[in-house]
1. Hey, rough spin-label estimate for residue 31 and residue 178, points 7 angstrom out along Cα→Cβ, what's it come to in nanometres?
2. Strictly greater than 18 Å: what percent of every Cα pair in region 82-135 meets that?
3. Please report Rg (one decimal) and Dmax (integer) in Å for the Cα set of region 84-180.
4. Hey, could you pull the Cα Rg and Dmax for region 10-61, both in Å?
5. Find how much the distance from residue 167 to residue 41 grows on full extension, using 0.36 nm per residue of separation minus their present alpha carbon separation; answer in nm with one decimal.
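Taken together, the values in this text are just the output of simple stated rules run on the coordinates, not laboratory data. Given the structure is predicted, the values throughout are model-derived calculations rather than measurements. No Cβ is skipped: glycine too gets one built from the backbone with ideal geometry, and neighbour counts run over all protein chains shown.
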Amino acid sequence: MSGGALVPDARERAVDLLTRAYADDRISEEELEARLERVYHARTGAELAAIVADLASPAPAAVEVATRAPRRIAAVFSGQEQRMMGVVPRELEVRARLGYVELNLTKATFEPGETVIDVRAFMGYVQIRFPEGVRVECEGRALFGFFALAGGATADAGASTPVVRVIGRATLGYAECFALRREPPELPGGGAPRLPAAGR
């Protein structure tokens, strides 16, 4: 970026750099909002360059965290459709950047206790389907997108009930979690039990 007047796409490039840094956990949501405000008020290329000067290359800490992740499913400029049949790892990362991930866990097994799935969608789409008998808690956030759970918790959190906590965020994209619900058994005759009439 030049130090003089802004070139036509300079502001857009700065916004793209900031949103990518946010998607990679290099800056917080509060910092992203503050820097975006500065970007839209900047009048020269020098001002824009100062706002994104520390984001020119990936942060070493972010690279280190990514390399030691226990299990990651990622799609970059592509699509991933996976059906997991075995035991789901305690920590699972799902990443979609300018692409999509469709993860079917309806035939997978969850160990008792808590499993954490970290979802990050940047200009992409993530869909995860869960089986019955698992309690799903969605704590994800969205920025210019949405992050939602359909079906709600599928089971009461007992001592042996697996609990899946979905965290992360969708930036300029969306993430959907679908939890299958176990319907209560239907009573004989298809109706609710009748109480005896009073006085009989």
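1. Output for this residue pair reads 3.7 nm.
2. Details: 429 of 1431 pairs.
That tail contains 30 percent of the Cα-Cα pairs.
3. Cα radius of gyration and Dmax of region 84-180 are 12.6, 40 Å respectively.
4. So, for region 10-61, Rg and Dmax equal 10.3, 32 Å respectively.
5. Contour length minus Cα-Cα distance gives 42.1 nm.
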